[in-house]
Amino acid sequence: MRRGTGVVAGALALLAVSACASLPGSSPEFDEVGEHVAAPAATPSATPPPPPRNVFPVRAAAAQVHYGRAHHDYPATDVFAPCGSAVLAPAAGRIAEVSTADTWSSARNEGEDRGGLSWSLAGADGVRYYGSHLATLAAGTRPGAAVTAGQVLGTVGRTGSARGTDCHLHFGLSPICGPGDWWTRRGVLAPYPYLRAWQRGTQRSPVAAVAGWKARHGCPKAP
Ligand SMILES: [Zn+2]
């Protein structure tokens, strides 16, 4: 009995394999067999447009979002938006570092404390993205977590050295260095032109600019 069952199962497996192989479009063999039946133009395009590679990192009405080219003493962008607006992952990748506590004090003003609640994201594109001064962090914003572009990472706030300011997301671009290198992580290239493109729904990638910066500077070991 057992042997007989095995033969039946084997036959079913063979049937399953041949069924898969004969699915339209699932194998090159079908194209060869079907060349007399369907012209290529008759095959509907199965290739959807690629998903956006970068996403504007704050979700709020455009009229309520403000940012400019200028930033104080190093390149970055402060994106002002209503407190509590969603902060979004600007690209697909993996969360590198997260600060879950607001330990900044104006008296000490330690560099590693200035971001308050913050995250850095090692983009699948090789760019490190950084967002800080958040009011809250989403549950999935943990070191090592894989994220998709547009995933909610938390909410806009004024933690860290932004305590006395209007709510904003400090946004930085840098090469993937660290961990702990707040002097590079906070930003080395102006994000403004990229943010403008992403906000308009067009793609503009900082990959080449960040790679160029790293080729010139490497990963600085101190501020
Ligand atoms: Zn800033």
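Readers should treat all values here as calculations from the given coordinates under stated rules, not as data from a laboratory. Since we're looking at a predicted model, the values are computed, not measured. Don't worry about glycine lacking a Cβ; one is built from the backbone with ideal geometry, like all the others, and counts go over all protein chains shown.
Once R0 is set to 45 Å, what does the formula 1/(1 + (r/R0)^6) return for the Cβ-Cβ distance between Lys221 and Thr47, expressed as a FRET efficiency to the nearest 0.05?
The calculated FRET efficiency here is 0.50.
Please list the equivalent ellipsoid semi-axes of the stretch 147-187, computed as the square roots of five times the alpha-carbon gyration tensor eigenvalues, in descending order and whole angstrom.
20, 17, 8
Convert 20 °C to kelvin, take the viscosity as 1.002 mPa s, use the Kirkwood radius over C-alpha pairs of the stretch 124-164 as Rh, and evaluate the Stokes-Einstein diffusion coefficient in µm²/s, rounded to a whole number.
Answer, rounded: 185 µm²/s.
Please provide three numbers in whole Å: the alpha-carbon extents of the stretch 58-217 along the principal axes, with the largest listed first.
Taking the Cα atoms of the stretch 58-217, the three principal extents are 37, 35, 31 Å.
I need the Kirkwood Rh of the stretch 75-138: take the reciprocal of the average 1/r across all distinct C-alpha pairs and report it in angstrom.
Value: 12.8 Å, from the Cα pair sum.
Quick one: dipole size for the stretch 108-214, taken about the Cα centre, charges +1 on Lys/Arg Cβ and -1 on Asp/Glu Cβ, in debye to the nearest 20.
180 debye
Arrange the following residues from fewest to most other Cβ atoms within 10 Å of their Cβ: His72, His217, His133.
Placing the least packed residue first, the sequence is His72, His217, His133.
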